[in-house]
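Have a look at the structure below before the remarks.
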Amino acid sequence: MEAVATVLKLVLLRAEPKTIIQMGSFVYHTLFIDGITYLCASDNALDTVTPSALLKNVSETFLRNPLMSQEHFSPSNAVATDFQQVLGKYMMKYNKNQEDSSISALKSQVTDVKNVMTQNIDKILEREERLNIFTDRTDDLQTTAKESPKKRKILGRIWWKHFKKIIVITMAILLSIIIILLSTNVIPA
């Protein structure tokens, strides 16, 4: 109650039609119309639209009441009790709207986080695929590098075997030619 009294003093000193004052963990919104100050306390410092709409609706409803339009208004218990029910309805309506907007804001945030996570997972999968390709290429190069000296040794052995065969065949042909030439006496013995 002390905070409300302090807020009302500040509002009266400022003499502005609308004010927003933060005190402690609450934000106080006021609307001043025709000499009447309407006050609403909120615990959400970011939302200024909902309290302003509540105060506007309450003031319109209050001023439409025929008893309130009397020049020298002094609230009776009957009027206060009736208007308490009206205030209760408005508070339920605007608190529900605030909960709905909070839920939709949370749903929106969850959707945003979900989208970011999906994008990140897609990027991770793409990177994994590229890493697998890179790993396969590296394995192929390592296998080729390990097999290369072996292949050279095998190819060298095969070449020497063929070379030896060629030399043996060449020697055999030369000897055959020499024997033929000696037998025909083309070459003197």
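The values are calculated or read from the model by the stated rules, or taken from the named source; none is laboratory data. The model shown is predicted, which means the values in this text are computed figures rather than measured ones. We place every Cβ from the backbone using ideal geometry, glycine too, and count neighbours over all the protein chains shown. These area figures cover heavy atoms from the full protein model, side chains too; ligands, DNA and RNA do not enter into them. Shrake-Rupley method; radii C 1.70, N 1.55, O 1.52, S 1.80 Å.
Taking the conditions exactly as written (open to solvent by 30 Å² or more (accessible area, probe 1.4 Å), modelled with pLDDT of 80 or more, within 19 Å of V4 (Cα to Cα) and touching a strand residue (DSSP E or B) at 6+ places or on another chain (Cβ under 6 Å)), does A41 satisfy them or not?
Details: open to solvent by 30 Å² or more (accessible area, probe 1.4 Å): yes; modelled with pLDDT of 80 or more: yes; within 19 Å of V4 (Cα to Cα): yes; touching a strand residue (DSSP E or B) at 6+ places or on another chain (Cβ under 6 Å): yes.
Judged against the criteria, A41 is a match.
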* Check on K114, of a type outside the set (A, V, I, L, M, F, W, C), part of a helix (DSSP H, G or I), at pLDDT 80 or above and in the same structural domain as V49 (by the TED database) -> yes
* Output the residue which, of all residues in the range 1-30 that are more than 35 Å from the chain's Cα centre (by Cα) and of a type in the set (S, T, Y), is surrounded by the most Cβ atoms within 10 Å (Cβ to Cβ). => T30
